[in-house]
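A.B. asks: Sharing a structure here in structure tokens format.
The values are calculated or read from the model by the stated rules, or taken from the named source; none is laboratory data. Nothing here was measured: the structure is a model prediction, and the numbers come from that model. Glycine gets a Cβ as well: all are built from the backbone with ideal geometry, and neighbour counts include every protein chain shown.
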Amino acid sequence: QGAVASRNGLALPAPASPAPAVPAGAQLEVPQISAFTTPGRDFYRVDTALVVPKVDAATWRLRILGKGVTRPRSYTLDQLLARPLIERDITLTCVSNEVGGPYVGTARWLGVPLAGLLAECGVRPPSKGGTADQLVARSVDGMTLGSPVEDVMDGRDAMLAVGMNGGPLPFEHGFPVRMVVPGLYGYVSACKWIAEIELTTFDAYDPYWVKRKWARRAPIKTQSRIDTPKPFARPAAGTVMVAGVAWAQRRGITRVELRIDEGPWQDADLAAQDTADTWRQWSYRWQAAPGGHTITVRATDGTGAVQTEQRARTVPDGASGRHSVFVTVS
Ligand SMILES: Nc1nc2c(c(=O)[nH]1)N[C@H]1C(S)=C(S)[C@@H](COP(=O)(O)O)O[C@H]1N2
Ligand SMILES: [Mo]
């Protein structure tokens, strides 16, 4: 099949701007903690595709058109690959992730900076007089996702990704090209199998999930998750390693605290921070006494804001509240 051959034959260029090395201390040596870089096969998958689209990279095109696009264009994959590529570690999160849930992962993405491509087509962000405030990405299977034009052009590493963790995108994750925008939930940014970018306004057009009660704008909320111990674990009394991840893309994580039952909040040890766009690991050596205990976690982001205890459902703009795990110490 053409798609499989085109993927096997794809040689990705080296990035003009490589990702900074992940600091040695970013990955804790704690059994059961999430890997800092999520392998592709373990990376969560959320989409509406009943059958994964198999796109032939040789005939694939990306069209850029719409409001304020003075030079509409169509790009081939080779044209995109000829541009200077950036490589970045970015944590992706799904708006339908429940507190403590699995729909979050970090990958090393290789891609074309989106802002430069848009500027080349004549697009200006609203703050620079642009008339379009919404970028609608359309996939080969008809999905639509809308991002704020201001966000994708504000200097963050918004990209058209062609690579994930050192290889071409897996078909499940959007081969040959997908969008990745740090700081926005996937449904308002991370279009897989992208085919078209249309510039429009939030007033004029509601993309797929917005028509189904989800918010038009959805920046990622600060969250933290206990990876170990697992719910209803029965650790032995004494030192128990509690560990997990916390994320607040664009803002970073500056503090993680734990509470045992209704006790005082205690600082967890933070692993090294990679970037503000990636999650951060943490651990806590708990001197566990026998009996049933609830462990609760909360994170503080780079602006100093503490993760809210206010519980919210995933609809319309992402779950909030604090993750807790009940264990029985024997
Ligand atoms: N074409 C297409 N792109 C899509 C989706 C989809 O259903 N179809 N789902 C979005 C959602 S809701 C999320 S959270 C991310 C998930 O990306 P992943 O499956 O690579 O983790 O893809 C986004 N891109
Ligand atoms: Mo999502």
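For (1) among the small types (Gly, Ala, Ser); (2) under 18 Å from Gly167 (Cβ atoms), each residue gets a yes or a no:
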| residue | (1), (2) |
| --- | --- |
| Pro20 | no, no |
| Gln27 | no, no |
| Gln32 | no, no |
| Ala35 | yes, yes |
| Val55 | no, yes |
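A.B. asks: Something else now. Among the residues of the stretch 72-98, what is the count of those that are more than 11 Å from ligand 2 (Cβ to nearest atom), surrounded by fewer than 20 Cβ atoms within 10 Å (Cβ to Cβ) and in a loop (DSSP other than H, G, I, E, B)?
C.D. replies: 5
A.B. asks: Is it the case that some residue within the stretch 79-99 is on the phi > 0 side of the Ramachandran plot and either outside the structural domain of Asp317 (by TED's automatic domain parsing) or in contact with a strand residue (DSSP E or B) (Cβ under 9 Å, 6 or more places away or on another chain) (or both)?
C.D. replies: no
A.B. asks: Can I ask one more? Assess whether Cys191 counts as being closer than 18 Å to Trp60 by Cβ and either touching a strand residue (DSSP E or B) at 6+ places or on another chain (Cβ under 8 Å) or without any contact (Cβ under 8 Å) to a residue 40 or more places away in the chain (or both). Give the derivation first.
C.D. replies: Details: closer than 18 Å to Trp60 by Cβ: yes; either touching a strand residue (DSSP E or B) at 6+ places or on another chain (Cβ under 8 Å) or without any contact (Cβ under 8 Å) to a residue 40 or more places away in the chain (or both): yes.
The answer is yes for Cys191.
A.B. asks: Any idea how many residues of the stretch 272-303 are within 16 Å of Ile220 (Cα to Cα) and part of a loop (DSSP other than H, G, I, E, B)?
C.D. replies: Residues meeting the conditions: 7.
A.B. asks: Restricting attention to the stretch 113-144, which residues are among the β-branched types (Val, Ile, Thr), away from ligand 1 (no atom under 16 Å from the Cβ) and surrounded by fewer than 22 Cβ atoms within 10 Å (Cβ to Cβ)?
C.D. replies: The one that is among the β-branched types (Val, Ile, Thr), away from ligand 1 (no atom under 16 Å from the Cβ) and surrounded by fewer than 22 Cβ atoms within 10 Å (Cβ to Cβ): Thr131.
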